[in-house]
Amino acid sequence: MKMTFRWYGENNDSISLSQIKQIPGVEGIVWALHDIPVGEVWPLEEILKVKEQAERYQLNIDVVESVNIHEDIKLGLPSRDRYIENYKTTIANLAKVGVKVICYNFMPVFDWTRTELYKEMADGSTALFYEKAKAESMDPEELVQTIVNNPEFTMPGWEPERLSQLSTLFSAYKRVDEEALWAHLKYFLEQIIPVAELHDIKMAIHPDDPPWSIFGLPRIITSKENVERLLRLVDSPYNNVTLCSGSLGANPANDIADMIRSFPDRIPFAHIRNIKIYENGDFIETSHRTRDGSLDIYGIVKAYHDIGFQGYVRPDHGRHIWNEKCRPGYGLYDRALGVMYLLGIWDALERGVNKR
């Protein structure tokens, strides 16, 4: 298991590479060029800058999250071919610096969805929160304002150029149901996976977050059965999944440990985080500790250990603690605690402590 830590880049993150380097066990950063418009080619010279920055601290840049998919590809428009060609060029450029995994998602219009960014918890910390009733009743524009009204930090997956065309996008998606979205994903993968194979980069789709429809938009990477279908779309070891415990785990019917054991060779990258699910369908993100949430983080890490997992992993969203000013879900302190909790479980499993 190779531990990594998400980093948003110089002048775009409250956390420095020198701080990340001080977290025991972290070998690399998970990164992206957040200032490149979705659909455009990532310039090699900009990629090289990140490589040089990371190498100063002996950190690898093996995992990219995310090379986002242009909406025209998801919609299946004729213009998609131009954006797919740009994506191929970006893959080739990333291969030149040794990137091994590209994480992406295929969620229409909205990326991850929460109704509150800093929900206060009983201990005084705050965390990302999803209120089911509010999500089902609020206007999409209200959700956009909740997410983007955070001027200090950009919010990946919520690109202003896309959100400025919200009404147009919603109108366009009226003709795209789940089966059409599956067909558009298949078209994309049929074009991209041969290029990924050529450059030895594994494509790893991120599940929908949360794993159900929002505002009537189709979502398809939501369950074990749908992950199986994804892997069959283009049956290649380069067509994979980024298994995110928090995203899939928001639906209690999803057994994360079972998924890990079911797809041992198709998970090159994993997100591990915990959430507390309430009876009414609300959920809030907690510390990584098993007893603090609804997910069995110990059981999830054990499943990875049982399959001999040698891929990349990162602690996912953390709480905001100790008055830290940071991007929602992406502070230093709670994610660093998460790293140590995950590695503590792994170390215990390596020593066979669980067998006593």
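The values are calculated or read from the model by the stated rules, or taken from the named source; none is laboratory data. All values reported here derive from a predicted model rather than from experimental measurement. Every residue, glycine as well, gets a Cβ built from its backbone with ideal geometry; the counts of neighbours run over all protein chains shown.
Pairing each residue of segment 4-28 that is closer than 13 Å to residue 58 by Cα and in contact (Cβ under 8 Å) with a residue 12 or more places away in the chain with any residue that is outside any loop (DSSP other than H, G, I, E, B) and of a type in the set (Gly, Ala, Ser), provided the two are 6+ apart or on different chains, yields C-beta distances under 7 Å for 4/28; 17/54; 23/336. Just to be sure before I move on: is residue 245 out of contact with any strand residue (DSSP E or B) (no Cβ under 6 Å at 6 or more places or on another chain) and under 27 Å from residue 31 (Cα atoms) in the structure I sent? No, not satisfied. Among the residues of segment 122-140, those identified as surrounded by fewer than 19 Cβ atoms within 10 Å (Cβ to Cβ) and in a loop (DSSP other than H, G, I, E, B) are 122, 123, 124, 138, 139. Annotation: residue 111 fulfils all but one of (1) under 20 Å from residue 270 (Cα atoms); (2) buried (at least 21 other Cβ atoms within 10 Å of the Cβ); (3) touching a Gly at 6+ places or on another chain (Cβ under 8 Å); the unmet one is (2). Might you check whether a residue that is more than 15 Å from residue 9 (Cα to Cα), touching an Asp or Glu at 6+ places or on another chain (Cβ under 6 Å), touching a residue at least 12 places away in the same chain (Cβ under 8 Å) and not basic (Lys, Arg) occurs anywhere in segment 65-74? The answer is no; no qualifying residue exists.
Quick check on segment 275-291: of everything there that is touching a Lys or Arg at 6+ places or on another chain (Cβ under 7 Å) and not aromatic (Phe, Trp, Tyr), which residue is surrounded by the most Cβ atoms within 10 Å (Cβ to Cβ)? Within segment 275-291, the match that is surrounded by the most Cβ atoms within 10 Å (Cβ to Cβ) is 288.
Output the number of the condition that residue 2 fails; it satisfies all remaining conditions of (1) touching an Asp or Glu at 6+ places or on another chain (Cβ under 7 Å); (2) closer than 23 Å to residue 185 by Cβ. Residue 2 satisfies all of (1) touching an Asp or Glu at 6+ places or on another chain (Cβ under 7 Å); (2) closer than 23 Å to residue 185 by Cβ except (2). Picking from residues in segment 223-253 that are of a type in the set (S, T, N, Q) and under 19 Å from residue 297 (Cβ atoms), the one that is farthest from the chain's Cα centre (by Cα) is 251. Within this structure, residue 118 fails the test of being touching a helix residue (DSSP H, G or I) at 6+ places or on another chain (Cβ under 8 Å) and either farther than 23 Å from residue 246 by Cα or part of a strand (DSSP E or B) (or both). What number of residues in segment 109-127 are closer than 28 Å to residue 311 by Cβ, at pLDDT below 95 and not polar (S, T, N, Q)? Number satisfying all stated conditions: 4. Listed by first and then second residue, the pairs with beta-carbon distance under 9 Å, at least 6 apart or on different chains, first residue in segment 168-195 and exposed (fewer than 14 other Cβ atoms within 10 Å of the Cβ), second not in a loop (DSSP other than H, G, I, E, B), are 175/75; 190/233.
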